[in-house]
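To keep things clear, I will list the structure first and then write my remarks on it.
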Amino acid sequence: MLRTEIEALFDNPPSAYTEDHFRLFDRFKEELNRGQARSAEPDASSPTGWRVNTWVKKGILLGFRMGAVVDMSVDRTRQPFFDKATYPVKRLEATSGVRIVPGGSSIRDGCYIGKGVTCMPPMYINAGTYVDDGTMVDSNALVGSCAQVGRNCHISAGAQIGGVLEPVGAMPVILEDEVLVGGNCGVYEGTIVKRRAVLGTGTILNRSTPLYDVVNGQVITATADLPLVVPEGAVVVAGGRAISSGPGRQWGLSLYTPVIIKYRDAKTEGKVQLEDLLR
C-alpha cells in the first residue's frame, strides 16, 4: 500500500536512496498530481469539517529529503534555475484545461490543478497544493505548499495563501468553494475559510488574531487544538480595536483585527461575481 510504504521510508531513512525509492516517490507524486492524495480532505465528523492526512505531508517532505539540487535552466545565462530534482515545474498540456497566461507564472510538480483554473502572471503555486475547478489565481498571488483551494474561488492580486507543510500533523490553510480573497490579503497558519466567505482587501488571518463577528456579537478565535475558522458566507474586512490599558491607551493606539461586518447577500453577489469572460 502506498501510504504504508511512504510512511516507512519517511520514518526510517536509508543511508542512500535507491531507484526503487525514487519510483515509489514518483508513484506518490502522481497521486498528488491527480488529486487522489491530499494533505487535508473534507471530513464531516471533524469539528472543522476537515482532517489532516499526515502521511501525505510526510510524502511531500520526503521528496525534499530525497531530491538533489540540479540545473533546470532553460537558458542558464539569461534565466538560471536550480531546484530539487524531485520537484520540477509541473507539466501541463492544452488538454489539461488550465489557462496559464504568459508572464512569469510557475507551478511546481506534485499538485492538483483542476479544469478551468486561470493563472494570471506572475503567480506561484507550490507542491502539495490542491486547486479545484474554475478557480482564478491572480497576479502576484501565492498558493503555499499543502494549501487546499475549492471550486470557483478568486485569489486576487497580491494575496498570499500560506501552506503549513510542517509539522506534519498541522492543518494546512483551506479555502472552501466560492471564496473570494481580496487583493493583498494573507491567510496563514492553518486558517480555514468556509464556503462563500469574502475577505476584503488587506485582510490578514492567522491563529493569533481574533475575528470579531459584529453581526452575531461573538469573537472567533483559534484554540490549542483547532485553527481559526471563518464562518460560511462571512464578509470580513480589516479593522482595529483600541488598546484598553497602559501607554497604548494613553496614546490612542489600536491593534489590527479582522471584522465580520455582514454575511453574504444579493448585494454582495453583484460585487464579487467573476465574469465568465475572464475564465
Selection from segment 34-74 of residues that are within 14 Å of Gly110 (Cβ to Cβ), in contact (Cβ under 8 Å) with a residue 60 or more places away in the chain and not in a helix (DSSP H, G or I): Gly35, Arg38, Ser39
Is segment 117-126 home to any residue that is at pLDDT 95 or above, outside any strand (DSSP E or B), in contact with a strand residue (DSSP E or B) (Cβ under 7 Å, 6 or more places away or on another chain) and of a type outside the set (A, V, I, L, M)? yes
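Restricting attention to segment 224-251, report how many residues are of a type outside the set (A, V, I, L, M), within 17 Å of Val173 (Cα to Cα) and crowded, with 18+ Cβ neighbours inside 10 Å.
Step one: of segment 224-251, the residues of a type outside the set (A, V, I, L, M) are 225, 227, 231-233, 239-241, 244-251.
Still in the list and also within 17 Å of Val173 (Cα to Cα): 225, 227, 231-232.
From what's left, crowded, with 18+ Cβ neighbours inside 10 Å: 227, 231.
Number of matching residues: 2.
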Restricting the search to segment 12-39, which residues are under 23 Å from Ala170 (Cβ atoms) and in contact with a helix residue (DSSP H, G or I) (Cβ under 8 Å, 6 or more places away or on another chain)? Pro13, Phe25, Phe28, Lys29, Glu31, Leu32, Ala37, Arg38, Ser39
Per the filter on segment 164-177, residues within 18 Å of Val137 (Cα to Cα) and surrounded by fewer than 22 Cβ atoms within 10 Å (Cβ to Cβ) are Asp177
Near pairs, Cβ below 7 angstrom, 6+ apart or cross-chain, from segment 168-194 (assigned to a loop (DSSP other than H, G, I, E, B)) to any residue that is modelled with pLDDT of 95 or more and of a type in the set (Asp, Glu): Lys194/Glu176; Lys194/Glu232
Any pair with Cβ under 7 angstrom, 6 or more apart, that starts in segment 6-29 at a residue that is closer than 11 Å to Leu62 by Cα and ends at one that is among the aromatic types (Phe, Trp, Tyr) and part of a helix (DSSP H, G or I): Ile6/Phe28; Ile6/Trp55; Glu7/Trp55
Residues of segment 188-220 classified as surrounded by 17 or more Cβ atoms within 10 Å (Cβ to Cβ), in contact with a Ser or Thr (Cβ under 9 Å, 6 or more places away or on another chain) and among the β-branched types (Val, Ile, Thr), total: 3
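Looking at segment 157-208 only, could you name the residues that are of a type in the set (D, E, K, R) and more than 15 Å from Thr135 (Cβ to Cβ)?
Narrowing segment 157-208 to residues of a type in the set (D, E, K, R): 166, 176-178, 189, 194-196, 207.
Scanning segment 157-208 gives Glu166, Glu189, Lys194, Arg207.
The values are calculated or read from the model by the stated rules, or taken from the named source; none is laboratory data. Since the model is a prediction, treat every value here as computed from it, not as a measurement. Quick reminder, even Gly has a Cβ in these numbers, built from the backbone with ideal geometry, and neighbours come from all protein chains shown.
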